[in-house]
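Chemist: This structure is in structure tokens; I'll ask about it shortly.
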Amino acid sequence: AAFWQTIAGEHGLDADGNFAGESDLQLERMNVYFNEASGNRYVPRAVLVDLEPGTMDAVRAGPFGKLFRPDNFVFGQSGAGNNWAKG
């Protein structure tokens, strides 16, 4: 999530994906990392995948959790139990 927080800041986006920048230069190449959704809101072009829901819950609860589309979170119900051979 820290990556997306940095990229959003560079492009002048707030935590909800709304443009709050000061320069039109921040809008250039926005489509490399973001798609424009309804209401001039930008969402990351990303799919977040993990074996357990706890990590995804932490991202959603973070300061930029509302930036992501809810259907772009993919997770299993049982994790690997910190065992690399299992997961």
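Chemist: From the list E22, E36, which residue is in contact with a Phe, Trp or Tyr (Cβ under 9 Å, 6 or more places away or on another chain) and of a type outside the set (S, T, N, Q)?
Modeler: E36
Chemist: Another one. So which residues in segment 34-59 are surrounded by 13 or more Cβ atoms within 10 Å (Cβ to Cβ), modelled with pLDDT of 95 or more and not in a strand (DSSP E or B)?
Modeler: Of everything in segment 34-59, just one residue is surrounded by 13 or more Cβ atoms within 10 Å (Cβ to Cβ), modelled with pLDDT of 95 or more and not in a strand (DSSP E or B), namely A46.
Chemist: Could you list, in sequence order, all residues of segment 60-80 that are in a helix (DSSP H, G or I) and free of Cβ contacts under 8 Å to residues at least 60 places away in the same chain?
Modeler: R60, A61, K66, P70, D71, N72
Chemist: Additional query: Confirm whether A8 is part of a helix (DSSP H, G or I), surrounded by 13 or more Cβ atoms within 10 Å (Cβ to Cβ), among the small types (G, A, S) and touching a residue at least 40 places away in the same chain (Cβ under 8 Å).
Modeler: When the stated conditions are applied, A8 passes them.
The values are calculated or read from the model by the stated rules, or taken from the named source; none is laboratory data. This is a predicted model, so every value here is computed, not measured. Every residue, glycine among them, receives a Cβ derived from its backbone with ideal geometry; neighbour counts consider all protein chains shown.
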